[in-house]
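Below is one structure; the comments refer to it alone.
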Amino acid sequence: MGSATTTAATLTVTSGPVVTTNPASQSVTAGSTATFTAAATGTPTPTVQWQVSTDGGTTFANISGATSTTLSFTTTASQNGNLYRAVFTNTTGSATTTAAVLRVSATPVITLNPVSQSVPYHSTVSFTAAATGSPAPTVQWQVSINGGATFTNISGATSTTLTLSGVTVSMSGNSYRAVFTNAVGSASTSAATLTVSPIAPIIT
């Protein structure tokens with residue numbers, strides 16, 4: 001009588017990825033660092049690929065080189081509203097985290113300064129200004145009657161275009177500027193000068 005033993009067989013049990021940590025939405029200031037973290041289990045250990053959506057989640061694209069469980073980058077204002085998610089994959093399957101929203105706030109940046117103008121007495125004149133920022137900035141026009149030494153708010157002048165009707169000679173030399181403000185900060189345009197010339201009397 002005798003016995004014989006086979007070689008040992010290894011049992012390998014695989015399982016698809018299961019997400020255990022979803023990335024959390026973040027609110028940051030432009031220029032600071034945003035960090036998203038995700039995790040998943042699975043056998044074999046899954047790889048990870050981060051993706052970004054710039055269209056509200058309709059489509060996602062892989063982020064080049066973003067293949068670790070933590071995604072970190074320096075933010076810009078243009079990334080406000082982007083969605084980020086991680087896709088975990090192994091030989092059995094894949095699993096995708098929920099998408100995290102990146103909210104980037106940025107101080108106002110002037111994109112259009114008002115232009116100095118010369119107009120006749122009793123005419124209408126308009127000054128226009130513009131700025132970017134996140135959240136979108138509000139605007140307040142100001143006037144200086146002392147060559148720009150001090151400025152005061154113009155009541156009700158809270159749109160990007162300031163229109164002055166029936167200007168008088170006494171307004172000649174006034175300076176006008178717009179101040180854009182949001183929750184992060186404020187920015188002022190350069191000042192535009194109004195020159196009002198008197199209308200010559202009509203001789204009959």
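Taking into account only those residues within the stretch 125-147 that are modelled with pLDDT under 95 and part of a loop (DSSP other than H, G, I, E, B), which is farthest from Ile199 (Cα to Cα)?
Among them, the one singled out is Pro135.
Look at Thr67 and say whether it is modelled with pLDDT of 95 or more, touching a Phe, Trp or Tyr at 6+ places or on another chain (Cβ under 9 Å), open to solvent by 50 Å² or more (accessible area, probe 1.4 Å) and under 27 Å from Thr14 (Cβ atoms).
Yes.
Kindly indicate whether Ser170 is assigned to a helix (DSSP H, G or I) and exposed (fewer than 14 other Cβ atoms within 10 Å of the Cβ).
Answer is yes for this residue.
Given the conditions (1) closer than 30 Å to Val169 by Cα; (2) loosely packed, with under 15 Cβ neighbours inside 10 Å, report the number of the one that Val119 does not fulfil.
(2)
Somewhere in the stretch 103-110, is a residue under 30 Å from Asp55 (Cα atoms), open to solvent by 40 Å² or more (accessible area, probe 1.4 Å) and among the aliphatic types (A, V, I, L, M)? Working first, answer last.
Within the stretch 103-110, the subset under 30 Å from Asp55 (Cα atoms) is 103-110.
Pick out the ones that are also open to solvent by 40 Å² or more (accessible area, probe 1.4 Å) and you get 103, 107, 109-110.
When the remaining residues are screened for being among the aliphatic types (A, V, I, L, M), the result is 109-110.
Checked the stretch 103-110: at least one residue is under 30 Å from Asp55 (Cα atoms), open to solvent by 40 Å² or more (accessible area, probe 1.4 Å) and among the aliphatic types (A, V, I, L, M).
Out of all the residues in the stretch 70-100, which are β-branched (Val, Ile, Thr), surrounded by fewer than 17 Cβ atoms within 10 Å (Cβ to Cβ) and either in a strand (DSSP E or B) or in contact with an Asp or Glu (Cβ under 9 Å, 6 or more places away or on another chain) (or both)?
Across the stretch 70-100, the qualifying residues are Thr70, Thr74.
Out of the residues in the stretch 174-187 meeting the condition of being open to solvent by 40 Å² or more (accessible area, probe 1.4 Å) and not aliphatic (A, V, I, L, M), tell me which one is farthest from the chain's Cα centre (by Cα).
Restricting to residues being open to solvent by 40 Å² or more (accessible area, probe 1.4 Å) and not aliphatic (A, V, I, L, M), the top hit is Arg177.
Which of the residues that make up the stretch 188-204 are of a type in the set (A, V, I, L, M) and surrounded by 15 or more Cβ atoms within 10 Å (Cβ to Cβ)?
Within the stretch 188-204, Ala191, Ala192, Leu194, Val196 qualify.
With the checklist (1) open to solvent by 50 Å² or more (accessible area, probe 1.4 Å); (2) farther than 26 Å from Ala95 by Cα; (3) touching a residue at least 40 places away in the same chain (Cβ under 8 Å) in hand, flag the one item Ala24 doesn't pass.
Looking at each condition in turn, Ala24 falls short on (2).
State whether one or more residues within the stretch 42-56 are of a type in the set (Val, Ile, Thr), closer than 30 Å to Gly133 by Cα, in a loop (DSSP other than H, G, I, E, B) and open to solvent by less than 70 Å² (accessible area, probe 1.4 Å).
No; the residues of the stretch 42-56 include none that is of a type in the set (Val, Ile, Thr), closer than 30 Å to Gly133 by Cα, in a loop (DSSP other than H, G, I, E, B) and open to solvent by less than 70 Å² (accessible area, probe 1.4 Å).
Which condition does Ala99 not pass, out of (1) farther than 27 Å from Thr74 by Cα; (2) in contact with a Lys or Arg (Cβ under 7 Å, 6 or more places away or on another chain), if it passes all the others?
(1)
The values are calculated or read from the model by the stated rules, or taken from the named source; none is laboratory data. Just so we're clear, the structure is a prediction, and the values are computed from it rather than from any experiment. Note that each Cβ is placed from the backbone with ideal geometry, even for glycine, and that neighbours are counted across all protein chains shown. Calculation scope for accessible area: heavy atoms of the full protein, side chains included, ligands and nucleic acids excluded. Shrake-Rupley method; radii C 1.70, N 1.55, O 1.52, S 1.80 Å.
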